[in-house]
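Read the structure below first, then the notes.
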Amino acid sequence: MTFPIGKTWVAPKLNDSSTQVCQAAKSTALPNQKANQSKKNNTKHTTEPFTGDRTLAQSIMFMHDTLLSQKVARAVAEGDIGRVYEGIKMMLFSFAGSSHLKYVSYLLETICDLELESSEAAKDVFLKNWLVNPSGKAQKYQEGDFTQERYNRELETFVDRKDTQWNADYICKVISPNVHHFMKMKNTYGDGVGLAKHRGEHREPHSKSEVRTLLETYRSEELHRFRSGHSYDSTADTTVDTFGEGVEQLYNGKLQKWITDSTSTRATRSNSQAEELSTMDDADGIDDPYDYDNDDEEDHKQPTYTSGNMVLVDGELQVKLEDISVQSAASYMDEDVDEEVNYAEDSEDTHSDTELGEM
């Protein structure tokens, strides 16, 4: 990809007030920030001068992210869940290259659930219910989770006003099924009294003059031309390509770390993988405490499982846990089965005796 070549960029000189602000910021920086800044200053003199154009790169990536966001937003309005799903997959890499790590975990979990752990029918049901259209009009689709959040906020006002509970009959049978209509009435009640054009909002002023001024600044500063050395202050964040950074982060260990964290408590390994791991464990010469192949059968230690009961105590749900072995759990289940069988036999005998007595 080639770009028009502009003039070599020369950093503007700071005036006295700007210099004082920069010095004050450096003096009040945290110890870690000062250490990082000293490292940057030390490497600044040893490396070659920067000859790229970070401003142009930032502008390109901003347009990339904006177009992707606009594409997903339009797909949501049209109800095209396929385009929305593919756009979210691409956003995953941008999130991985930024500080939004919770979005990375959520999207990885969602994508893996749909692609690897769900049947085609379950995946189809999930995607079809991802977008909703309460109005029934074209180009009026909405995100299902955001819509539910708006409904919940509206329901909270009714619950607080009526001083009632969420599970009350009035809320469940009257308000909840019609909450969408209540919200619509609040936004359109002015139409009935001739106030449709005056909804408490001022008309936005025309922005053509501001856009024209902005484009003139772009032209004079040659923003969309390649200007060698065009960069920012050394203290600024120079991360430009969050998409490429995200791909590199996932490839260099972040994806594997997420896999380890998300599967550490789940038995997700296939038989072939288990055999491969077992072979690797045997080859290392280290005794595995969970390998019972060379032990006597009587020395086998049964793994423990956590069992418990959920009970309500003074209106609070409490879980009482109890660690039991596999053998005791099996015997406990056998006792329950025997009790149920005996109870069923006693019930049949009682029922037969009752019928004979009636005859």
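Packing, taken as the mean count of other beta carbons within 10 Å per residue, orders the peptides 138-148, 71-81 from highest to lowest as 71-81, 138-148. Placing unit charges on the Cβ atoms of the charged side chains and taking the dipole of the range 56-191 about its Cα centre, the candidate lying farthest along the positive direction among 99, 146, 185 is 185.
Remark: the range 56-191 carries a charge dipole of roughly 500 debye about the Cα centre, counting +1 on each Lys and Arg Cβ and -1 on each Asp and Glu Cβ.
Residue pairs exceeding 32 angstrom between C-alpha atoms, taken from 7/71; 140/257; 102/184; 162/184; 89/162: 7/71; 140/257; 102/184; 89/162.
Computed over the range 56-191, relative contact order equals 19 percent, with contacts defined as Cα pairs under 8 Å that lie 6+ residues apart. Computed packing ranks the peptides 127-133, 251-257 as 127-133, 251-257, most packed first, by mean other Cβ atoms within 10 Å. Report the net charge of residues surrounding residue 225, where surrounding means a beta-carbon distance below 13 angstrom and charges are Lys +1, Arg +1, Asp -1, Glu -1. Neighbourhood net charge equals 0.
For residue 110, neighbours were defined as the other residues whose beta-carbon sits under 14 Å from its Cβ, and their charges (Lys and Arg +1, Asp and Glu -1) total -4.
Here, each number is a calculation from the coordinates, and none is a lab measurement. The structure presented is a predicted model; accordingly, all values stated were derived computationally and were not measured. Don't worry about glycine lacking a Cβ; one is built from the backbone with ideal geometry, like all the others, and counts go over all protein chains shown.
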